[in-house]
1. With the requirement that a residue be surrounded by 24 or more Cβ atoms within 10 Å (Cβ to Cβ) and touching an Asp or Glu at 6+ places or on another chain (Cβ under 7 Å), what does region B:183-213 give you?
2. Between a first residue in region A:60-73 that is assigned by TED's automatic domain parsing to the domain that holds A:LEU39 and assigned to a helix (DSSP H, G or I) and a second residue that is buried (at least 24 other Cβ atoms within 10 Å of the Cβ) and among the charged types (D, E, K, R), which pairs have beta carbons less than 7 Å apart while being 6 or more apart in sequence or on different chains?
3. Taking the condition away from chain B (no Cβ under 12 Å), in a loop (DSSP other than H, G, I, E, B) and of a type in the set (A, V, I, L, M), does A:ILE85 pass?
4. Going through region A:1-28 one residue at a time, which ones are charged (D, E, K, R), facing chain B (nearest Cβ under 8 Å) and under 18 Å from A:ALA111 (Cα atoms)?
5. Within the set of pairs 6+ apart or on separate chains, which have a first residue in region B:1-22 that is surrounded by fewer than 17 Cβ atoms within 10 Å (Cβ to Cβ), a second that is of a type in the set (Gly, Ala, Ser), and C-beta atoms under 7 Å apart?
6. Residues in region A:143-164 that are modelled with pLDDT under 80 and either in a loop (DSSP other than H, G, I, E, B) or not assigned by TED's automatic domain parsing to the domain that holds A:ILE186 (or both): how many?
7. For A:GLY31, only one of the following conditions fails: (1) buried (at least 24 other Cβ atoms within 10 Å of the Cβ); (2) part of a strand (DSSP E or B). What is its number?
8. Could you list, in sequence order, all residues of region A:92-112 that are within 13 Å of the chain's Cα centre (by Cα) and modelled with pLDDT of 90 or more?
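The values are calculated or read from the model by the stated rules, or taken from the named source; none is laboratory data. Small disclaimer: the values here were computed from a predicted structure and weren't measured. Counting neighbours? That spans all protein chains shown, and the Cβs are built from the backbone with ideal geometry, glycine included.
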Amino acid sequence: MWDYSEKVLDHYRNPRNVGKLDDADMIGEAGSLACGDSLKIYIKLDGNKVIDAKFQTFGCGSAVAASSILTEMIIGKTLDEVKKITNKDIARELDGLPQQKMHCSVMGREALEDALKKYYGEESEEWQEIEIAEHANAGEKIICTCFNVTENQIWEAVKVNGLKTVEEVTNYTKAGGACGRCKGLIKDIIDTYLKKEAKQQELTPTQKILKISKVIEQNISPELQKDGGDIELVDIEGDVVKVKLTGMCSGCKNASMTLKNFVESILKEKVDNNIVVEQV
Amino acid sequence: MIYLDNNATTKVDPQVLEEMLPYLSENYANPSSMYDFAKKPAETLKKARVQVRDFLGANNEKEIYFTSCGSESANTAIKGVINCNKEKKHIITTKVEHPCVLNTYKSLEKQGYEVDYIGVNSRGELEIEELKEKLRKDTALVSVMWANNETGVIYPVEEIAEMIKTRSPETMFFVDAVQAGGKIPVNVKDTQIDLLGISGHKFHAPKGVGALYVKPSARITPLINGGHQERGMRAGTENVPYIVGLGKAAELAQNSLDYELKEVKRLRDRLEEGILKNVFNARLNTSITNRVPNTTNIGFEYVEGELILLHLSDLGICASSGSACTSGSLEPSHVLRAMGIPFTALHGSIRFSLSRFTTEKEIDYVIEHMPAVMEKLTKISPFQDELDALRKLRG
């Protein structure tokens, strides 16, 4: 017997917003009948705001509960807010899910993403941004059910070891080694990773400057401010990012460490692996 | 509460409990002890062995070994035979065995054994010809369950035993009869079955006790070494109260066999027909004939099994599912997959298993409520077009 929260019980017993919207502005799908769960979400917009949402789910109690609560979570929100809803938010809203059931919350997030992707278009900037940000929170989804290997584990194995084929992933993680049904999904993960890598390299100079300044502003600066310091972007020449440490950081004897181990590694991870940070 | 999950476990028969109680209280002596106080437990142990002997149709009570459960019976049989036939490295079993058997073979595979897994057809029946073809002179062991826990389909183990002994007389044959015991006659008399395991809690004894039948000509090694109990074949002080319970349950099961085969079957058929008639997306997953009388496995298309179970539970109905979501493994049932049950019904497969305690009123309650449950749950499904097509076809 699963240890479901009262909220999960309530939502699978009395699911909210069941059905479809014939005049939906956005439709998202995730999962499949073969895998044992699938979700279809319908969203009605007024401008940038979700005014109605409905769902249809084939899945277990927690899958229905996750879908049901997701519709409640998005109604009344703007698309910018909807974009930021992670699978963890869905699980949290349900007062938690059993570990083996976290994939139900991931399915909710996937259906949302699918809706956003179709709405904005695969080539749009809005969608590209979501896709790149995505892999930070897709983690718990179990790809290989035979060996319980999650998407994150496969992603990490691909990233760290530079894996290029499904067979290599099986060797490194066991995923796909038994029934083999997840081989298609593993291939998708490899392709998505390679695509992401290629995309990073293809950034135009302007895109790169914008991305670097955004990462500095959002991911780096707040951390330094915690220690009473800060950072200023001075110039970018090719892969060389010139910065100035300010406040407490300017006189800090660990400044060069901070630059290399923190600022540079974050920029490498988030923007381009070739970036070198220099202090001016 | 309506309990229709008797293949998972059964309620302890009140008569069984009554027999057990004195051995959980005043008669606590170790049956191996020398004083008079130990006489009663020692005698009752003997009596239980005779009861189980008669239940299984064994010639001699020395052929019966008490164990702690069905899994222990299977492990003792399989590993015991393998240890005594070290030169033979081939094993045959089926794809649809219980995990306690399958996983024992998986571990033997890692130790270098070659294991063939025989498949089943879409009705859940064993591909006997395939088994025939795979049998070799160096096959150490064949093991086939008497009845399948998920589908209730009965396998012709007596015929298989004949076939094995004609073609490869030295190959040992183990039968996991955990799901057959108490539901159909399980009689090793006049058969060529070498080893056979049962589990008490599947026929109204408590959990924690089982038995293994070993033909005198079959050699095995013990799984648990230690004292002289069970003639050195299973060490550990005998679990007297539970063994007493197993003996009594075996006797009661023997006496109720007729009732199982007629009345329990009548109720099962009533349930099955009622659901198949009233619920438009229901399909029978197995063969209609050739099943233990208490089990039916029904697939509800385009609805997921755990969700069905949770809603049945809200109505006080207990059943089980071959759905991935009900097990920690996230894998749908290996049995239904081996049968090639379509994905549309695989994840929504529900097993109802009755017992001699099931009443007609309970069955009618389930038949009455099932259509409304399905009406509610199919509304949630994203496969509305497919469901509409089914409705037209079967509604």
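1. B:LYS183, B:GLY197, B:HIS204, B:GLY210, B:TYR213
2. A:GLY61/B:GLU306; A:SER62/A:LYS101; A:ALA63/A:ASP37
3. Numbers: away from chain B (no Cβ under 12 Å): yes; in a loop (DSSP other than H, G, I, E, B): yes; of a type in the set (A, V, I, L, M): yes.
For A:ILE85, the condition - away from chain B (no Cβ under 12 Å), in a loop (DSSP other than H, G, I, E, B) and of a type in the set (A, V, I, L, M) - is met.
4. Keep residues of region A:1-28 that are charged (D, E, K, R), which gives A:3, A:6-7, A:10, A:13, A:16, A:20, A:22-23, A:25.
Next, from what is left, pick out any that are facing chain B (nearest Cβ under 8 Å): A:13, A:20.
Passing the criteria: only A:LYS20.
5. Every condition considered, the pairs that remain are B:MET1/B:GLY316; B:ALA8/B:SER320.
6. Number of matching residues: 4.
7. Of the numbered conditions (1) buried (at least 24 other Cβ atoms within 10 Å of the Cβ); (2) part of a strand (DSSP E or B), the odd one out for A:GLY31 is (1).
8. First pass over region A:92-112, keeping only residues within 13 Å of the chain's Cα centre (by Cα): A:105-112.
A:GLY108, A:ALA111, A:LEU112 - these are the residues of region A:92-112 that are within 13 Å of the chain's Cα centre (by Cα) and modelled with pLDDT of 90 or more.
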